[in-house]
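Student: Sharing a structure here in structure tokens format.
The values are calculated or read from the model by the stated rules, or taken from the named source; none is laboratory data. For clarity, every value in this text was computed on a predicted model and none was experimentally measured. Cβ atoms come from the backbone with ideal geometry, glycine included; neighbour counts cover every protein chain shown. These accessible areas exclude ligands, DNA and RNA; they are computed on the full protein's heavy atoms, side chains included. Shrake-Rupley method; radii C 1.70, N 1.55, O 1.52, S 1.80 Å.
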Amino acid sequence: MSIDIYWRIGTHGDQQSLRRRVSSRGEWAPVVPGSLAPGVRDGRRDGYSYLDHMADVARASESSGFVGGLLPSFPFTDDPWATAAALARETSTYRFMIAYQPGFLHPVQAARMSASLQRATGGRVVYNIISGGGGPAQLWWGDRVDHDDRYARTSEFLDVLKGVWSGGPFDYQGRFYQVEGAGLPEPLARQPFPEIYFSGSSKAAIEAAGRHADYYLSWLEPFPDLAAKFAQVREHSTALGRAPKFAVRVDILARESEQAAWEEIRRGWAHVDPAALRSADGDSVGWLRSQSFVSWPVRDHRELEVSPNVWGGFHLLRGGPAFGLVGSYQQVADRLDELIGLGVDAFILAGVPHLEEAYRVGEEVLPLLRGHDLRQNPPLSPVSVTKGSI
């Protein structure tokens, strides 16, 4: 069984560790002595940019056995499209999973951008389709479309994008998009269509994923709840004659011993602001689900361990989803093996700091996975998407 394992590349700076939630890498925080990318030497910046640092992370994870890297997209990050284009020449076979919200690009332009990047990189583009979590972050984009309609818009967007990729002429009259005679020129239309990782936990998201996802992507949750969610997606997809694969986004804190791993969490917990325990604004069903698995309030970091090595407090130590894995190298590998047993076909792993942890996880955890081949294939051969695949 072949498993795809991606690493996360922070597009918004990075922390030195989980012990203090302070950015020390990149100019997302004030650049002071001790900062990196850029650093300060003799009172001057050293000329090493954050893009250089992201390139280091990409090369480190590629050489450590990861098939590619996720490039997140939020109002406070670099743009993942531009970043992927810049990093492509820094790597050889490394795939770039570009996170984006379809509502902020026209699907015809997205098709042309994607096909051009596929052509330039030899087919190394992967999509992480997100429809937005609502709240202030959604308004930052000027988007007032409500939750379920965002998924309906995403579904139309992908219909049009796939249709345009076929070479055209393609016509479409939908609620959100209308095109006439659209299509890509032949050199672009014959590029491989990106694999689609589709995120979302609501009923509307699962229905849209059933139509379009190559991989249904979820945050980590307690394993029984994750299995139940996969069953919902599988049921809906089967009714449409499709069989998606499954992927999980997992933060990792692995050390030589379990005690050492939990000590890192304890040291970070000592600096947690009680105000951070409040739920975030927005209508993300995935976020609300993650908070429902914990009995609040909590007084000790180990109260957030909902099952062996599954810890629900990562969001208190760094930005991002709540759940991840904490334990020894072998324990973390065992939990990943359990997830594979539940039907997981791919992972997006992450650790703080991204550079050092890419080496640690790649060298110490991935080799312990049992009976699974980690895909490190060359990019796909150019093929075209037919209209029948829509």
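Student: If you take every DSSP beta bridge fully contained in the chain, what fraction is antiparallel? Give it as a percent rounded to 5.
Tutor: The antiparallel fraction comes to roughly 20 percent.
Student: How high is the relative contact order of the chain, in percent, counting Cα pairs under 8 Å that sit 6 or more residues apart?
Tutor: For the chain, the relative contact order is 23 percent.
Student: About the Cα centre of the chain, what is the dipole size in debye to 20, counting +1 per Lys and Arg Cβ and -1 per Asp and Glu Cβ, all else neutral?
Tutor: 360
Student: To two decimal places, what compactness ratio does region 84-238 give when its Cα radius of gyration is scaled by 2.2 N^0.38 Å?
Tutor: Compactness ratio reported: 1.08.
Student: Then there's this: Show the residues, 5+ positions off or on another chain, whose built amide H is closer than 5 Å to the amide H of G319.
Tutor: none
Student: Run the numbers on region 57-209 and let me know its relative contact order in percent, using alpha-carbon pairs under 8 Å that are six or more apart.
Tutor: 22
Student: Contour minus end-to-end for D373 and V145, with contour as 0.36 nm per residue of separation and end-to-end as the Cα-Cα distance?
Tutor: Gain on extension, D373 to V145, equals 77.9 nm.
Student: Sticking with the crude label model, points 7 Å out along Cα→Cβ, report the distance from D171 to R302 in nm, one decimal please.
Tutor: 6.8
Student: Then there's this: Once the Cα atoms of region 297-381 are picked out, what are the Rg and Dmax in Å?
Tutor: Cα-based Rg and Dmax for region 297-381 come out at 14.5, 53 Å.
Student: Taking the Cα atoms only, what angle lies between the long axis of helix 107-121 and the longest principal axis of the chain, rounded to 10 degrees?
Tutor: Orientation of helix 107-121: about 70 degrees from the principal axis.
Student: In whole Å, what are the Cα extents of region 203-270 along the three principal axes, biggest one first?
Tutor: 48, 22, 19
Student: Among G68, P38, G123, which residue has its Cα furthest toward the positive end of the charge dipole of region 18-134, with +1 on Lys/Arg Cβ and -1 on Asp/Glu Cβ?
Tutor: After comparing all options, I get G68.
Student: Turning to a different aspect of this structure: Taking only protein heavy atoms and a 1.4 Å probe, what accessible area per residue, in Å², does region 216-269 have with all protein chains in place?
Tutor: On the way: 2380 Å² over 54 residues.
I get 44 Å² per residue for this part.
Student: Output the antiparallel fraction of DSSP beta bridges having both residues in region 1-80, as a percent to the nearest 5.
Tutor: 50
Student: At 1.4 Å probe radius, can you tell me the per residue accessible area of region 47-96 in Å²?
Tutor: 36
Student: Would you be so kind as to identify which of T11, G362, G167 lies farthest towards the positive end of the dipole of the chain, taking Lys and Arg as +1 and Asp and Glu as -1 on Cβ and the Cα centre as origin?
Tutor: The listed residue farthest towards the positive side: G167.
Student: Write down the percent of antiparallel bridges among all DSSP beta bridges whose residues are both part of region 118-260, to the nearest 5.
Tutor: Antiparallel: roughly 20 percent of the beta bridges in region 118-260.
Student: How far is it, in nm, from the label point at R242 to the one at R267 when both lie 7 Å from their Cα along the line to the Cβ?
Tutor: 4.5
Student: Next question, about the same structure. Based on alpha-carbon atoms only, what is the radius of gyration of the chain relative to the globular estimate 2.2 N^0.38 Å?
Tutor: Ratio of Cα Rg to 2.2 N^0.38 Å: 0.97.
Student: Can I ask one more? Among 100-111, 75-86, 344-355, how do they line up by average Cβ neighbours within 10 Å per residue, starting with the highest?
Tutor: 344-355, 100-111, 75-86
Student: Ignoring ligands, DNA and RNA, please state the percent of accessible area on the chain from carbon and sulfur, probe 1.4 Å.
Tutor: With neighbouring chains kept in place, the figure for the chain is 50 percent.
Student: Multiplying the sequence separation of Q259 and E363 by 0.36 nm and subtracting their Cα-Cα distance, what value in nm do you get?
Tutor: 35.5 nm
Student: Order 13-22, 295-304, 167-176, 189-198 from most to least packed using the mean count of other Cβ atoms within 10 Å.
Tutor: So the order, starting with the most tightly packed, is 189-198, 13-22, 167-176, 295-304.
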